[in-house]
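Working notes for the structure below.
Values quoted throughout were computed directly from the atomic coordinates according to the rules given, and no laboratory measurement underlies them. The structure presented is a predicted model; accordingly, all values stated were derived computationally and were not measured. When we count neighbours, we look across all protein chains shown, and the Cβ atoms used for this are built from the backbone with ideal geometry, even at glycine.
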Amino acid sequence: MVFKVPVGLFGGAKQMMRLPASSRTIVGQGLSAAGSQLRMASTKTMTVRDALNSAMAEEMDRDDDVFIIGEEVAQYNGAYKVTKGLLDRFGERRVVDTPITEMGFTGLSVGAALKGLKPIVEFMSFNFSMQAIDQVVNSAAKTYYMSGGTQKCQIVFRGPNGAAVGVGAQHSQDFSAWYGSIPGMKVLVPYSAEDARGLLKAAIRDPNPVVFLENELLYGESFEVSEECLSTDFTLPYTAKVEREGTDISIITYTRNVQFSLQAAETLEKQHGISAEVINLRSIRPMDVDTIVKSVKKTNHLITVESTFPNFGVGSEIVAQIMESEAFDYLDAPVQRVTGADVPTPYAKELEDFAFPDPDVIASAVKKVLSVE
């Protein structure tokens with residue numbers, strides 16, 4: 001099965017990404033359904049890029065053991081400008097440019113974490129973390145357990161994950177399911193500016209290794225944020241968030257597909273009177289199964305939405321969790337998974353447009369589960 005997705009404007013691997021205004025989510029806008037959830041009133045907005053930047057800066061102010069390392073994070077201000085200004089503020093000791101050698105600087109960082117420092121390792125793309133898979137999975141993730149809890153490895157691996165626009169198959173994979181299968185590490189997937197800020201601050205303070213998977217196409221997106229979010233003490237738990245209340249079907253998703261799912265939910269309500277509940281996972285490992293189960297017991301229907309390959313994905317895990325829980329007895333129809341196409345991501349725009357879910361595909365899946373024509 002193939003899918004379509006709207007694309008943004010791409011300016012090269014080292015340029016900031018920007019979506020067309022027509023595809024941007026307006027957060028804080030009242031959703032037009034009974035049972036919709038309104039966000040906290042606020043006049044302040046923040047981009048995801050600035051949320052990540054401020055979270056790192058505040059945690060570096062708070063703890064001198066925190067440092068940032070990666071390709072172009074210092075003098076170039078980051079390939080996507082997420083680390084902009086941090087070199088000037090904290091100096092070369094704590095904002096460290098590296099050669100193009102993920103295996104080398106990741107191994108160095110894991111060693112620093114084992115000695116008590118708290119690195120933030122930026123991968124220019126999480127596809128490149130495959131060059132350092134041994135350091136991430138075998139050294140960082142397993143040491144705390146294998147040492148009987150005596151040797152911490154407090155480290156955050158962060159950077160853009162999944163497909164962007166026109167970056168080719170080897171730069172477009174979503175590694176949420178890959179890393180989510182590894183015990184010993186946490187895997188976080190922020191959507192909004194509040195997610196990015198609160199989850200990253202929590203990740204930096206976490207004594208466990210954390211894989212922090214960002215979406216490149218969300219960096220320039222602006223979201224309204226609460227006063228609480230702007231506090232230097234603001235952190236978020238690794239739990240799911242109900243972005244939109246609903247009664248007819250649950251849509252479980254994460255990162256940019258939250259935006260598409262919210263758009264699909266509004267269309268479904270206007271055109272068919274369907275009340276869809278949209279849940280933003282925020283964390284792949286640990287997965288907040290309780291929130292998913294609670295939603296399914298209310299709506300009796302479920303679809304999952306992700307931009308990964310269909311086989312062995314996050315949606316598959318959610319389906320298994322539902323099968324093994326009391327929520328299974330509440331289902332009135334089979335669960336539908338919405339995923340990317342089962343092909344390496346095409347480079348050609350005409351093909352890439354069909355490779356991932358969009359609001360229309362999500363809406364079609366909802367109508368199929370609910371037997372709506």
Q) Which Cα, out of ALA57, GLY168, ILE279, lies furthest along the positive dipole direction of the chain (beta carbon charges, K/R +1, D/E -1)? A) ALA57
Q.
Which of rounded, prolate or oblate describes region 46-230 when judged by the alpha-carbon gyration tensor and an a/c cut-off of 1.5?
A. rounded
Q. With each label point set 7 Å from Cα along the Cα-Cβ vector, what nm distance links ALA320 and LYS294?
A. 2.5 nm
Q.
What are the extents of the Cα atoms of the chain along their three principal axes, in Å, largest first?
A. 60, 45, 42
Q: Find how many whole Å separate the alpha carbon centroid of region 66-94 from the alpha carbon centroid of region 334-372.
A: 37 Å
Q. From the square roots a ≥ b ≥ c of the eigenvalues of the alpha-carbon gyration tensor of region 130-237, which class results: rounded (a/c under 1.5), prolate (a/b over b/c), or oblate?
A. oblate
Q.
Which residues among region 182-216 fall inside the zone where the amide N is under 19 Å from a point 7 Å beyond the Cα of THR47, along Cα→Cβ?
A. 190-198, 200, 214-216
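Could you put ARG205, ARG94 in order, starting from the residue whose Cβ has the fewest other Cβ atoms within 10 Å?
Working: ARG205 16, ARG94 19.
With the sparsest Cβ surroundings first, the list reads ARG205, ARG94.
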Q: Beyond 27 Å between alpha-carbons counts as too far, so tell me which of LYS297/LYS368; LYS81/LYS115; LYS118/LYS186; LYS44/LYS118 fall in that bin.
A: LYS81/LYS115; LYS44/LYS118
Q) So for ARG49, ARG89, fewest C-beta neighbours within 10 Å to most, what's the order? A) ARG89, ARG49
Q) How big is region 245-323 by the Kirkwood estimate over distinct Cα pairs, in Å? A) 12.7 Å
Q | DSSP-defined antiparallel bridges as percent of all bridges, region 241-369, nearest 5 | A | 20 percent
(Q) As I understand it, the dipole of region 46-230 uses +1 on the Cβ of Lys and Arg and -1 on the Cβ of Asp and Glu, about the Cα centre. Which of SER147, THR101, LEU188 lies farthest toward its positive end? (A) SER147
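Calculated from DSSP H runs of 4 or more alone, at -39500 (n - 2.57) each and per residue, what is the 222 nm mean residue ellipticity of the chain, nearest 500? Show your work: numbers first, answer last.
Working: 11 runs with 110 residues, N = 373.
One gets -8500 deg cm²/dmol as the mean residue ellipticity at 222 nm.
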Q) Using the alpha-carbon atoms, what tilt in degrees (0 to 90, nearest 10) does helix 102-114 show relative to the longest principal axis of the chain? A) 80 degrees
Q: For region 251-257, take each phi angle, set θ = phi - 60°, evaluate the Karplus expression 6.51 cos²θ - 1.76 cosθ + 1.60, and give the result in whole Hz per residue in order, putting x for glycine and proline.
A: 10, 9, 7, 7, 6, 5, 5
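What does the extension gain come out to for ASN311 and VAL372, with contour length at 0.36 nm per residue minus their alpha carbon separation? All intermediate terms of the calculation are to be shown ahead of the outcome.
Numbers: separation 61, 0.36 × 61 = 21.96 nm, distance 2.69 nm.
Taking ASN311 through VAL372 to full extension adds about 19.3 nm, to one decimal.
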(Q) To check you understand DSSP bridge types, tell me what percent of the beta bridges within the chain (both residues inside) are antiparallel, rounded to 5. (A) 25 percent
Q | Label-to-label distance, nm, for residues given as SER181 and MET130 (7 Å Cα→Cβ offset) | A | 1.4 nm
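Can you tell me which of 206-218, 188-200, 308-320 comes out highest on packing, and rank the rest after it, using the mean Cβ neighbours within 10 Å?
Details: 206-218: 24.0, 188-200: 27.6, 308-320: 17.9.
Ranked by mean Cβ neighbours within 10 Å, highest first: 188-200, 206-218, 308-320.
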Q: Let me have the relative contact order for region 79-192, percent, based on Cα pairs under 8 Å that are six or more residues apart.
A: 24 percent
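Please arrange LEU302, LEU262 by counting, for each residue, the other beta carbons lying within 10 Å of its beta carbon, fewest first.
Working: LEU302 28, LEU262 25.
By the 10 Å Cβ count, ascending, the order reads LEU262, LEU302.
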Q. Assigning unit charges at the beta carbon (Lys, Arg +1; Asp, Glu -1) and nothing else, what dipole magnitude in debye, to the nearest 20, does region 241-369 show about its Cα centre?
A. 160 debye
Q: Taking the Cα centre of region 60-198 as origin, sum charge times position over the Cβ atoms of Lys and Arg (+1) and Asp and Glu (-1), and report the length of that vector in debye to the nearest 20.
A: 300 debye
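Run the dipole for the chain about the Cα centre, Lys and Arg Cβ at +1, Asp and Glu Cβ at -1, nothing else charged, and hand back the magnitude in debye, nearest 20.
Value, rounded to 20: 360 debye.
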(Q) Taking 0.36 nm per residue of sequence separation and subtracting the Cα-Cα distance, how much length would be gained by fully extending the chain between LEU351 and ARG93, in nm to one decimal? (A) 88.4 nm
Q) Each label point is 7 Å from the Cα along the Cα-to-Cβ direction; what then is the distance between the points at THR101 and GLN170, in nm? A) 2.0 nm
Q. Residue-wise, which Karplus ³J(HN,Hα) couplings in Hz belong to region 174-188, taking 6.51 cos²θ - 1.76 cosθ + 1.60, θ = phi - 60°, and x for glycine or proline?
A. 9, 9, 4, 6, 4, 6, x, 8, 9, x, x, 9, 9, 10, 10
Q | Cross-link partners of LYS298 among aspartates and glutamates (Cα-Cα below 20 Å; sequence separation of 8 or more within a chain) | A | GLU243, GLU245, ASP248, GLU266, GLU269, GLU277, ASP288, ASP290, GLU324, GLU326, ASP329, ASP332
